[in-house]
Amino acid sequence: GEPNLENSLIYSDNIFFAWANLQLGEEKFMTYMKRTGFGMEFDFELPVSTSQLINEDTQMNIKYLADMADGQGEMLITPIQAASMYTAFLNDGTIMKPKLIGEQKVEDGLEYNTVAEMTTEVFVEDVIDQESLSILQPILKNVVETGTARSIRNISDSLYAKTGTAEVGSQKERVISWLAVYSDDPENTKVVLVMVDVPSEGGSVKFSVAQELLKNIFADDKSTPQTD
């Protein structure tokens with residue numbers, strides 16, 4: 001089909017986004033990405049590396065700018081920060097800070113779980129405006145209905161998603177394969193993110209992992225939230 005924003009998100013067309021970023025230009029792209037939290041210290045209960053757009057000693061050029069548009073080049077991000085970015089779609093464009101609310105401990109040979117009181121905290125405000133949200137949300141829905149994440153579409157009617165793949169090494173024998181899914185079901189407003197580092201032909205395993213995680217959230221009847 002036509003190489004536009006909708007089709008390129010649904011079918012994960014890297015070339016369209018590389019072209020679009022070259023039209024946008026380095027200054028606007030870098031400024032906006034920093035607004036979303038790239039390069040900011042990411043405070044979390046467990047150690048988390050700081051994301052980056054490009055190595056400090058790298059001279060920016062059009063190749064890096066094109067590669068960044070689809071998350072490759074020298075761009076680095078942790079799964080927990082990537083997951084937090086998708087909370088913007090459930091919070092009117094604001095990215096929420098993730099928090100560890102449960103942990104499992106073993107003391108004196110006894111195993112027990114602890115759950116902390118949950119309070120919300122903003123990481124970065126207003127990174128997506130309402131007009132952009134109204135454009136993007138239906139497209140991310142179609143990624144599940146007809147696009148690259150259609151293998152999870154039978155789990156719930158409330159799922160939105162985006163897939164991604166970063167090739168690793170000069171021989172491209174491995175990939176870092178991503179799937180971000182969120183649900184706007186009022187009873188299950190969840191974000192699920194799966195990242196796997198696998199041989200180049202094994203990226204589809206992310207869908208099996210996501211299906212198991214999502215089945216724990218939703219009942220067999222895809223329109224009915226799970227209760228337990």
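The values are calculated or read from the model by the stated rules, or taken from the named source; none is laboratory data. All figures in this text were calculated on a predicted structure; none of them were measured in a lab. Positions of Cβ are backbone-derived with ideal geometry, glycine not excepted, and every protein chain shown enters the neighbour counts. Quick note on the areas: whole protein, heavy atoms, side chains included, nothing else; ligands and nucleic acids left out. Shrake-Rupley method; radii C 1.70, N 1.55, O 1.52, S 1.80 Å.
Filtered by the rule that a residue be part of a loop (DSSP other than H, G, I, E, B), under 17 Å from Y86 (Cα atoms), open to solvent by less than 30 Å² (accessible area, probe 1.4 Å) and touching a Lys or Arg at 6+ places or on another chain (Cβ under 9 Å), segment 120-157 gives V127, A149. Looking only at residues in segment 125-147 that are of a type in the set (V, I, T) and in contact with a helix residue (DSSP H, G or I) (Cβ under 7 Å, 6 or more places away or on another chain), the one that is nearest to D43 (Cα to Cα) is V127.
Here segment 158-191 is the region considered, the condition is being part of a loop (DSSP other than H, G, I, E, B) and surrounded by 17 or more Cβ atoms within 10 Å (Cβ to Cβ), and the residue that is nearest to the chain's Cα centre (by Cα) is K190.
Contact annotation: residue pairs with Cβ atoms under 8 Å, 6 or more positions apart or on different chains, pairing a residue in segment 174-190 that is more than 14 Å from P79 (Cα to Cα) and in contact (Cβ under 8 Å) with a residue 40 or more places away in the chain with a partner that is assigned to a loop (DSSP other than H, G, I, E, B) and open to solvent by less than 10 Å² (accessible area, probe 1.4 Å), are D185/S156. For segment 146-161, the set of residues classified as in contact with a strand residue (DSSP E or B) (Cβ under 9 Å, 6 or more places away or on another chain) and not basic (K, R) consists of G147, T148, A149, I152, I155, S156, D157, S158, L159, Y160, A161, listed by residue number.
If I go through segment 66-119 residue by residue, how many of them are surrounded by 12 or more Cβ atoms within 10 Å (Cβ to Cβ) and assigned to a strand (DSSP E or B)? The number of residues fulfilling the criteria is 4.
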